Structures are given as C-alpha cells and as structure tokens.
1. Starting from the 7 Å offset along Cα-to-Cβ, what nm value, one decimal, do you get for the label separation of E104 and S146?
2. Please sort 100-110, 122-132 by packing, taking for each peptide the average over its residues of neighbouring beta carbons within 10 angstrom, highest first.
3. Modelled label-to-label distance, R113 and I84, 7 Å Cα→beta-carbon offset: nm?
4. Label 7 Å along Cα→Cβ of D3; the stretch 71-86 residues with amide nitrogen under 19 Å?
5. Using alpha carbon centroids, what distance separates the stretch 13-28 and the stretch 67-129, in Å?
Amino acid sequence: MPDEPTTAYHEAGHAVMAHVLGKDFKTVSILPDGVGAGRIDFKAPVSERSLEMESIVAVAGVAAEGLATGRLSVILQDTPRYLIIADDVHRLTSYLLQTGIVAEDDIPAFLQRAVMDAVKALRANWPAVEALAKALLKEKTISGSSARSIIAG
Ligand SMILES: [Zn+2]
C-alpha cells in the first residue's frame, strides 16, 4: 500500500486530468476501499468514442505519482506493471482487448504513450494537482464540485 501523500497525488492526478479533459466525477477519495488505496468515481462509464481520453485519465494517477515522487523515469521503464499495481488498467485493457481497438502486443506501448501525454498535461497543471492533493490529505474525500473549484484555484 502506498503512503497517504503518494495516494493523494495519485488520485489528484486522475481528478485533474479528468477535469482538464471534461470528464465529470462524483467524488475523489484517499480512503482505502478494499480494492485500492484511494478512488475516483466517474459519472459515465468507459466509452469507445473517447478511448484516448479514458486512457489518459486512467494512467494519470501513476503519472502524478511519478512526478510527485521523482520516480517518473522508473515508472516509464515498466508502465504496465505500475498500472497493474495501482489496479488502474484492468478495465481499460480488457476493454481494449475486447474491442480489438489496440492489438494485445501494442498495449504496453499504447499505455506508455498515454502516460507521456498525461505527464505533459499534469506538468502544465501542477499547481492544481498540488492543491487538490493537499486538500485530499486534509479532507480524505472531496466531491466533484468541490474538487473542480480547488482545481480552478
Ligand atoms: Zn488510480
């Protein structure tokens, strides 16, 4: 289990990325739920139309962890493993495989590209990630609307 500050950056990464890409969420939390160290609840399920967006939001937690801990280069060396540890890619990869949108052999490279895209966007919005991570450490669970005003500064 990652420590609480790492989890806060991870969940803030998902939330800020979702916000930037216009994907709504109900709550974001760093309370363990039996599955993961924290979680974000989205309003809509994964959709085929916006697969690229879904992928970038799914990997943004691990990308934010990498940026916050200085371990980004380590994570980039084996992105799929970190995403599996974070339990962030099962739904996405099974969807990718089911639909055949991305060939199985191409999935690691596809995820790695998504992480690079997320890193770029998170760097551009880092003050928002830090503000939300700080608020999560204090409040543990934050509603989508509160998160949006924290992100907006
Ligand atoms: Zn996650």
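1. 4.4 nm
2. Details: 100-110: 12.9, 122-132: 17.5.
Top to bottom by mean Cβ count within 10 Å: 122-132, 100-110.
3. Taking the simple label geometry, R113 and I84 are separated by 2.2 nm.
4. Answer for this model: 71-75, 86.
5. That distance is 16 Å.
Since every read-out is calculated from the coordinates, none of them should be taken as a lab result. Fair warning: this is a prediction, and the values are worked out from it, not measured in the lab. All Cβ positions, even for glycine, are placed from backbone atoms using ideal geometry, and neighbour counts span all protein chains on display.
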